[in-house]
Amino acid sequence: MAEHCKEAVDVKRLARALGMSYSRFQPVFKAHIGMAPHQYLLDVRLNLARYWLTDSDLAVSEIADRLGFSTVYYFSRLLKQSPGSSPFTYRRC
């Protein structure tokens, strides 16, 4: 999942590919990883965003787009909620 975090990952389809129902896949995934599949994907995307914000010259809008966020506003809001910093704060660090 982490390798494909930039793509639109359909967790229900992933569960079916593994021969499981989504309702069965969720608790198995959570037992092994410690969080729900959707939260894991969000964490992976936000960690990659933090890296790009500090170590690249990509525009905030480009990062949001590359990671599959629907809008820059939504991306910024999620990033602020996670560790409490806006994309622009990361960029200044």
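Filter region 65-91 for residues that are among the polar types (S, T, N, Q) and modelled with pLDDT of 90 or more; which is nearest to ASP55 (Cα to Cα)? It would help to see each step written out before you state the result.
Of the residues in region 65-91, the ones among the polar types (S, T, N, Q) are 70-71, 76, 81-82, 85-86, 89.
Keeping just the survivors that are modelled with pLDDT of 90 or more gives 71, 76.
Details: THR71: 22, SER76: 18 Å.
So, considering only residues that are among the polar types (S, T, N, Q) and modelled with pLDDT of 90 or more, the one nearest to ASP55 (Cα to Cα) is SER76.
Could you please find all residues in region 28-41 being under 19 Å from the mean Cα position of the chain (by Cα) and either not in a helix (DSSP H, G or I) or not basic (Lys, Arg) (or both)?
PHE29, HIS32, ILE33, GLY34, MET35, ALA36, PRO37, HIS38, GLN39, TYR40, LEU41
The values are calculated or read from the model by the stated rules, or taken from the named source; none is laboratory data. A quick note: this is a predicted structure, and the numbers were derived from the prediction, not measured.
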